[in-house]
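The values are calculated or read from the model by the stated rules, or taken from the named source; none is laboratory data. For clarity, every value in this text was computed on a predicted model and none was experimentally measured. Reconstructed Cβ throughout: ideal geometry from the backbone, glycine too, with neighbour counts over all protein chains shown.
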Amino acid sequence: MKLSIIIPVFNEIQCIERFTKRIFNCFDIEQYEYIFINDGSNDGTERWLAKNIKPFELSKNITLIDLPKNYGKGYALRKGLEIAKGDYILLIDSDLEYDPEDCLEMYNIVTSNPSIKVLFGSRFVSGKIQYRKYFLNSIVVRINTFIYNFLFQQSISDLHCGSKIISRDIFDKIKLSINDFGFEIDLASQIAKINEKIYQYGISYVGRTFDEGKKITWKDGLLSYYYLFKTRFIDNEVSILISIVFSFFFMGYVGSHFGLGSGKIMLIILFSIYGLFLGLKNKIASLSFIILFIYLGSLFSK
C-alpha cells in the first residue's frame, strides 16, 4: 500500500457527503487506503458513515473506526495510525476547509522526491484561494507558529494546518500523546526533536463559521500554549528533565544576585526561563561548576 489517508470525523453531517465525494475523486479507492474515524459523532454523521462507508469495508480499501464517544482529534488520528499500512500517511480534516486536490499535489511531490519525508500544508505561503472569517484565529495561529519556531529552531509558517503527508517510518520514530487539537503541536514538535526536515506546500483555505460547524474555540487557543511548553520542556528523556529542573533553579539563584525590589523579581523570572533552555543542553556537570564559583564569589562580594 503506497498511501494511507486518515480522516477524523466529528459532527460533520453538513459536509461529510461532499467531502467524501471530492476526496474519492482525487484518490482512486482501489489504489489507496482510506481510514475514517468517527470520533463519537452524535449529529447524524455516525449514521451516514455506517450507511455509506461501512458496507465498503470488505470490498474496498476502506476502514471505518467507530469510537463510542468524542475523545479528540489527536486520539482519533492515533487510532488511525495504529492500523495504517501505507508507505506514506496523509492526514486531512473532513470539514472541507482544505481542498483534497491540494493533498493530491502534495502526494505527487513526496513520491517524486524521496528525500522529502515530511510535507506540511501551509495557508500562508500560497497563491491559491483563501477565505478567513475570524481575524483573531489567524493571529493566534501566527503567534503559536512563531513560538514553535523559536522553541524548536524551525521556520515553518503554519503550525496548525490539518493537511500533512508524512512517511510511515517517521511515525515509527516518534511517540504522540496529545488527544485534542494539540495534535498538530505534538506532531510538529516530535518531528523537530528527531531533526527531520519539515517541508511546506502552499494550499487553499476556505474557513467556516461556527454556525457552519467550526469547532476550535478560545479554550483550545489557551491550551496550545501549555502544549508548546509541554512538548518542549516536559516531554523529554529523564536525564534532560533533571537537567531542565536543575538549570531552572540554578539560573533563578543567579538572577537573585542582581537588582532590587520588583527589578530583582523580574530578573529572577527571566534568568529562570533562560535556565529552561540551558537545561535542554543537558550540561549538569558544567553548570554545577558555574554555580559553585558563583556561590563562592557571593561569599566575598555584594
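Residues being among the aliphatic types (A, V, I, L, M) and at positive phi: count how many of those fall in region 53-79.
Qualifying residue count for the region: 0.
Could you say whether any residue in region 178-191 is in a loop (DSSP other than H, G, I, E, B) and among the hydroxyl-bearing types (Ser, Thr, Tyr)?
no
Name the single residue that is nearest to the chain's Cα centre (by Cα) among those in region 36-54 being of a type in the set (A, V, I, L, M) and not in a helix (DSSP H, G or I).
37
Would you pick out the residues in region 14-25 that are part of a helix (DSSP H, G or I) and polar (S, T, N, Q)?
Result: 20, 25.
If a residue has to be of a type in the set (A, V, I, L, M, F, W, C), at pLDDT below 85 and within 32 Å of the chain's Cα centre (by Cα) to count, how many in region 241-286 make the cut?
Adding up the residues that qualify gives 1.
Would you mention how many residues in region 76-118 are outside any helix (DSSP H, G or I), hydrophobic (A, V, I, L, M, F, W, C) and over 25 Å from residue 38 (Cα atoms)?
Going through region 76-118 one residue at a time, the tally reaches 2.
Among 17, 33, which is the only one that is surrounded by 15 or more Cβ atoms within 10 Å (Cβ to Cβ) and either among the polar types (S, T, N, Q) or in contact (Cβ under 8 Å) with a residue 12 or more places away in the chain (or both)?
The match here is 33.
Please enumerate the residues belonging to region 201-221 that are at pLDDT 90 or above and among the aliphatic types (A, V, I, L, M).
Across region 201-221, the qualifying residues are 203, 206.
Restricting the first residue to region 255-284 and requiring it to be among the small types (Gly, Ala, Ser), which pairs with a second residue that is surrounded by 17 or more Cβ atoms within 10 Å (Cβ to Cβ) and not in a helix (DSSP H, G or I) meet a Cβ separation below 7 Å and a spacing of at least six or different chains?
Between residues of region 255-284 that are among the small types (Gly, Ala, Ser) and residues that are surrounded by 17 or more Cβ atoms within 10 Å (Cβ to Cβ) and not in a helix (DSSP H, G or I), there is no close pair.
Which of the residues belonging to region 221-239 are crowded, with 17+ Cβ neighbours inside 10 Å and part of a helix (DSSP H, G or I)?
221, 223, 224, 227, 228, 230, 231, 232, 233
Just to check your reading of the model, which residue among 57, 33, 12, 97 is more than 25 Å from the chain's Cα centre (by Cα) and modelled with pLDDT under 95?
57
Checking the structure you have, find out if any residue of region 131-146 is part of a strand (DSSP E or B) and either modelled with pLDDT under 95 or surrounded by 15 or more Cβ atoms within 10 Å (Cβ to Cβ) (or both).
Yes, some residue in region 131-146 is part of a strand (DSSP E or B) and either modelled with pLDDT under 95 or surrounded by 15 or more Cβ atoms within 10 Å (Cβ to Cβ) (or both).
If you go through region 188-204, how many residues are in contact with a strand residue (DSSP E or B) (Cβ under 7 Å, 6 or more places away or on another chain) and among the charged types (D, E, K, R)?
Going through region 188-204 one residue at a time, the tally reaches 2.
Out of region 36-55, which residues are touching a strand residue (DSSP E or B) at 6+ places or on another chain (Cβ under 8 Å) and in contact (Cβ under 8 Å) with a residue 12 or more places away in the chain?
36, 37, 38, 39, 40, 41, 45, 46, 49, 50, 53
State all residues of region 63-91 that are under 19 Å from residue 48 (Cα atoms) and among the hydrophobic types (A, V, I, L, M, F, W, C); if no residue qualifies, say none.
64, 65, 67, 76, listed by residue number.
Among the residues of region 154-187 satisfying the criterion of being in contact (Cβ under 8 Å) with a residue 60 or more places away in the chain and acidic (Asp, Glu), which is nearest to residue 137 (Cα to Cα)?
Ranking the candidates gives 180 first.
Can you tell which of 197, 214 is within 16 Å of the chain's Cα centre (by Cα), assigned to a loop (DSSP other than H, G, I, E, B), basic (Lys, Arg) and surrounded by fewer than 17 Cβ atoms within 10 Å (Cβ to Cβ)?
197
Assuming residue 28 fulfils every condition listed in (1) touching a residue at least 24 places away in the same chain (Cβ under 8 Å); (2) assigned to a loop (DSSP other than H, G, I, E, B) apart from one, which condition is it?
Of everything listed in (1) touching a residue at least 24 places away in the same chain (Cβ under 8 Å); (2) assigned to a loop (DSSP other than H, G, I, E, B), residue 28 misses just condition (1).
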